[in-house]
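Have a look at the structure below before the remarks.
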Amino acid sequence: MQKMDKLKDSKYRLAEAIKECMKTTSVESITVRQIVDVCGVSRQTFYRNFIDKYDLINWYFDRLLEQSFNEMGSKEDLREGLIKKFKYIKAERVFFLAAFRFDEQNNLKEHDFIMIYEFYCKLIRVKTGELPDKRTRKLLEMYCQASIYMTVQWVLKGMKESEEELADLMIDAMPEHLAGIFSKLGIISPVV
C-alpha cells in the first residue's frame, strides 16, 4: 500500500512540475528533462510513471474526470458533473490553456473525447444492462465532439460564460434522442 501511495505522489508531483513548465513554455517545447528538473526526480522516475509528456497530461486530465463525474447518475446529475468539471478547468486554467492549444499526437482533445464517450457508454450500460445501440453511439460521438469543441473554445477565448451557463448550454445542445435517454435514466433532469 505504501508503494502505491508513493507512486501516486510521484505522478502528482510530476503533474505539478509540467504545470509549472506550462507557465513559460509551450507544450510542444517542454522536455522531459525540464519536467524532472522542476520536479527534482530522475528521468527513470518519470518513465516509470509515464510514456511521455502527453501521457502525463492525459493522466492528469483523467483525475479531473474522476473528480467531476464519479457520482454522476447516482448522487448527482450531468449538470452538476459538468459544473464541477468546468470549475476544475477554470482553477487549472494555465494547464488547460496550454494543453488545449496542442494538436499533435496523443493530444488532450482526442483523449478527452475518448474518455467522455466511453464514460457515457458505460453509464448507459450500467443503468440499462445493455450497450447503447448504434444510433445512440453515433449521436454520443457527435455530441461528445461538439461538447469538447465548445469546452476548448471556452478555455481559449477567456472563459466568458460561467461554469453554470456553459453546463446549461451543453445540456441544451444535446440531441433530443440522447436527452430522452439521459432523462429516463436520471442522468439529466426530466425533459418536458
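Miscellaneous remarks
- Candidates Ser189, Ser162: the one that is more than 27 Å from Val126 (Cβ to Cβ) and of a type in the set (Ser, Thr, Tyr) is Ser162.
- Residues satisfying the stated conditions in region 46-57, i.e. farther than 12 Å from Tyr12 by Cα and surrounded by fewer than 21 Cβ atoms within 10 Å (Cβ to Cβ): Tyr47, Arg48, Ile51, Asp52, Tyr54, Asp55
- Of everything in region 1-30 that is polar (S, T, N, Q) and either farther than 16 Å from Phe46 by Cβ or at pLDDT 95 or above (or both), the residue that is surrounded by the fewest Cβ atoms within 10 Å (Cβ to Cβ) is Gln2.
The values are calculated or read from the model by the stated rules, or taken from the named source; none is laboratory data. Source: prediction; values computed, not measured. As a convention, Cβ positions derive from the backbone with ideal geometry for all residues, glycine included, and neighbour counts pool all protein chains shown.
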